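Notes follow the structure.
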Amino acid sequence: MTPTLKNAGLGASLLLLTTTGTSFAADELGNQVEQSQPVPEVVQLEQIDVAEERDQAGFLEKKPSDLLFGFKKPLSKTPRSATFVSDETVEAFGATTVNDLISLAPGTFTASFYGVEGALNIRGTLAETYFHGFKRIENRGTYQTPIGASSRIDILRGPPTANTGPGKVGGYLNLEPKTAKLNEEGGFLDEIVGEVTGTFGSYDKTNGTFQVGVPLTVGKADGGVYFYGEIEDSSSYYRGITPEHQLVQVTSDFDANNGWTFGGGAMIYAAKGYVQTPGWNRLTQDLIDNGTYTTGQNTGLTDANGNGYLDRSELPNDGAGLELTSYPQCFGGCDVAPVYTTLDTGVGTTNLSTRDVHISDADYSDTTTLTLFGDVVHESENGSQLKFQGFFDYLDNERFVSYGFPADYEAFTVEGRVSYLFDVAVPDAPITLRNNIGVSNRYYDVTAKESFNYGGIAIDRRDIAAGASSTDILGSPFQAGSGYTWDLDRDTQWNDLGVFAMTDIEVYDFATLTLTGRYDWYSIDSTENGALCFCSVTEASDEKGEFTYSAMLMFDTGIGLRPYITYADTAAIEFSQAGEVSPTLIADDNWISEGDLIEVGVKVNLIDGILSGGVAAYRQHRTKLGRTTVNNTVGEGVEVELTYLATENMSFRLAANAQQTKFEDGFDDFYYFSPSTFGLSGTNSYGGAYAGFKFSDLVGITGSNYYAGAIEDRRIPEVVASLYGTYKSDPTDWGFYGGTAGVTYVSETAGLAENPVTYPDYYLVNASAFADLYDWKISLNVDNLFDETYFTPVADLYSDVAALPGKGREWRVTMAYRF
């Protein structure tokens, strides 16, 4: 590591420790457990009196926050497309994972990360996850991101704002933890409040939570502490997957009543059983349309030593050649022998249940994360604020996927941020400038090990109907004596020292111009120690500076419509699975990629706030990192988000989008193909796999120019629309009751290859009902009410050989006691 990298990382660490040490007494964890009305709430717009009277479902933004955009201003006056979701809304809509947010936020449909719901796709590309305004360790299907400990969830479409750091165009998800604070304006609980819940449901669903907020006075300081704990030990709709996790989160906030406030907290999360599965293999249109699955196994390989899996020496060519993957661009010179690829026993067809997926008893995934944060804020009499903030995040994950993908990740990041917020009024003119300037430093350290077993991965080899066998389970470097080593073994450290400035200029209450800029100085070291790294160099270092900016203009027409236009120019590091960076990307000067966004829209606040929301259209350019290359994408779309407060008891929510994302210069990455792409039968081929070193290589193999030009990413549907209604009765002597019901439409999806298997469009209906007895509450949620059959394509290089069947009807009952 260079001295610059070492010193900057040390400085960030000291700033974090200073901040959290001064304030391990709190943070802004918003919503306490209220005793009488835990009702749905999506934060979408500021409201006026009529809307407030009707907003029994709590859909509207109550207090503006500076977490998302750097200024305390309502979403209705912010020229960006974004969605706020409160914990009450999460409960009312029955959302338990980030993928469930599709019913609340447009543009958030996410292809399968092997069945593990770790991160969202936003606007057709991978989004990042933030916690209290700080970017977390990368999580691409590593573990299921917990959302139950959040007081609210922010979904921003487009790049992050300058105060939160650099990032790619597309969007991000921010989780804000629960707290003893009453709201963003201050104030604390005046009595102990809490809640205990127990949930049981279909497929042995078992979940319990406990949360309590305690007001505290320390000397002259008022404040409080909030505790949240959660435990899950369940089975799953998919046979063989048994997820369990434990989560503990503690936050505290204190106001010294002299202009200083202190906050901080910690979250510990441990999980196992969230194993990755590609879903169904041996894809054909008949399988998707009718459930007809090709059965059969290959007996050309044997588990000679009887240890329950294939050692590397038991693969074809004694582990030194083609293994089980053929490469058709060699025109026969790189083909695996038919004795290893042909199904020679049990060949036939059967009807496959959507509960049966590609899994074995050998699969596992163990994860531990630790997150710390701290804030020290001084507010002057003139309203200006000086903020010192620190953040730390740690990840340890070890996994094994039995078709041949073991991985071992250990990473941590530490970030310090100092910012100063102040207003300037122009004398003798109705012009106000709200400003946010600051400096931040982020240090990231990761060791990431992965193995693809030297080409031994062959997802189609397993007969799902027959179950896993010792000749379709590959060993791994975790198993001594198996002969496998790590294909990739990367050790990466990088540092980002940045300065930022933002100004929000309001003129005559008619126009608002928002300008943001950020300069980042990056330093990076990366070393590759793997045995099959697809790299031109094994060690590289670099330093580079990048300037990013955005400009946003909004007009207030005075009739409830606020049109706006936004432009952003971005730059961000090209991360792999756990945040590591390939030395080859550094040596080739491809480790930082640029992007841009233009967005036009209108914010809506009509009929005294009864109808509110927004419409936006965008076009964006951003990159997507594959196995070996950086690909350029272009996306464009239209998004609609509306809330209608029909009566004092009934509200409706619409979230819809139409989009198209393309690899604009073609797709030049390693990719697996179905045997049918090359005119081969499944019976003669499913024992092995077929891949191209580059997707575009198939021009010469198939003779089709389809593979040479721009490729639409059909794994993301072009149209998604959700319409939900919520009802809450008037209070009675015993309590009140209500429910939520709605439908989500998803259009057709497919893989990337020419003439791929396609997955039909579908409608999902979800419903819930509750009875609130003030101290007690019972609720029932039913997902996929009509047991619709649907499929989600895999998100990466296996998109044409595997797809995850959607979960069928599931139900759960939750009993809650509040005190």
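The values are calculated or read from the model by the stated rules, or taken from the named source; none is laboratory data. Predicted model only: the values in this text are computed from it and were never measured. Heads up, the Cβs are rebuilt from the backbone with ideal geometry, glycines too, and the neighbour counts pull from every protein chain shown. Note: areas computed on protein heavy atoms with side chains; ligands, DNA, RNA excluded. Shrake-Rupley method; radii C 1.70, N 1.55, O 1.52, S 1.80 Å.
Brief remarks follow.
- Proximity of backbone amide H atoms, modeled 1.01 Å from N, is registered between Phe673 and Tyr690, Ala691, Gly692 at under 5 Å, excluding neighbours fewer than 5 places apart on the same chain.
- Applying the Karplus relation 6.51 cos²θ - 1.76 cosθ + 1.60 with θ = phi - 60° to region 274-282 yields 3J(HN,Hα) values of 7, 7, 7, 9, x, x, 9, 10, 6 Hz, where x marks Gly and Pro.
- In the structure shown, the pairs Lys603/Lys662; Lys72/Lys544; Lys449/Lys624; Lys135/Lys777; Lys72/Lys135; Lys449/Lys694 are assessed against 31 Å; a Cα-Cα span above that value is assigned to Lys72/Lys544; Lys135/Lys777.
- Signed unit charges on C-beta, dipole axis of the chain, positive-most listed residue Val193, Gln297, Tyr759: Tyr759
- Fraction of alpha-carbon pairs over 19 Å apart in region 611-666 - percent: 51 percent
- Rounded to the nearest Hz, the phi-derived 3J(HN,Hα) couplings of region 472-488 under the Karplus curve 6.51 cos²θ - 1.76 cosθ + 1.60 (θ = phi - 60°) are 10, 9, 9, x, 7, x, 5, 9, 4, x, 6, x, 8, 10, 7, 5, 10, where x marks glycine and proline.
- Label point distance in nm, Tyr420-Leu561, each placed 7 Å from Cα along Cα→Cβ: 4.2 nm
- Over every Cα atom in region 429-532, the radius of gyration and the widest Cα-Cα span, Dmax, amount to 26.2, 79 Å.
- Working from label points 7 Å from Cα in the Cα-to-Cβ sense, the Ala708 to Glu52 distance is 6.5 nm.
- Two numbers describe the Cα atoms of region 283-369: Rg and Dmax, which are 16.6, 47 Å.
- Farthest positive-ward along the chain dipole, Cα basis, beta-carbon charges - from Tyr203, Gln577, Leu488: Tyr203
- Between region 547-570 and region 150-211, the Cα center-to-center distance that results, in Å: 27 Å
- Efficiency of FRET between Asp730 and Asp396 - r from beta-carbon atoms, R0 35 angstrom, step 0.05: 0.10
- Whole-Hz ³J(HN,Hα) from phi, Karplus 6.51 cos²θ - 1.76 cosθ + 1.60, for region 536-546, glycine and proline x: 8, 9, 10, 8, 7, 9, 6, 9, 7, x, 9
- Paired Rg and Dmax values of region 122-280, which use every Cα atom, in angstrom: 18.4, 62
- Quick note on the chain: its Rg to Rh ratio, both from C-alpha atoms and Rh being the Kirkwood radius, is 0.96.
- Put simply, the amide H of Leu804, placed in the peptide plane, has neighbours under 5 Å in Trp280, Thr792, Val794, leaving out anything fewer than 5 places away on its chain.
- Protection proxy ranking, peptides 703-709, 748-754, average beta carbon neighbours within 10 Å, highest first: 748-754, 703-709
- Of all accessible heavy-atom area on region 661-794, the percent that carbon and sulfur account for (1.4 Å): 54 percent
- Accessible surface for the chain, divided over its residues, is 35 Å² per residue with a 1.4 Å probe.
- Cα centroid of region 321-379 to Cα centroid of region 68-106, whole Å: 34 Å
- Annotation: amide H-H contacts under 5 Å for Ala149 (H modelled 1.01 Å from N, sequence separation of 5 or more, or interchain): none.
- Global form of region 68-197, assessed from the alpha-carbon gyration tensor, a/c cut-off 1.5: oblate
- Label-point separation in nm, Arg809 to Leu182, each point 7 Å along Cα→Cβ: 4.6 nm
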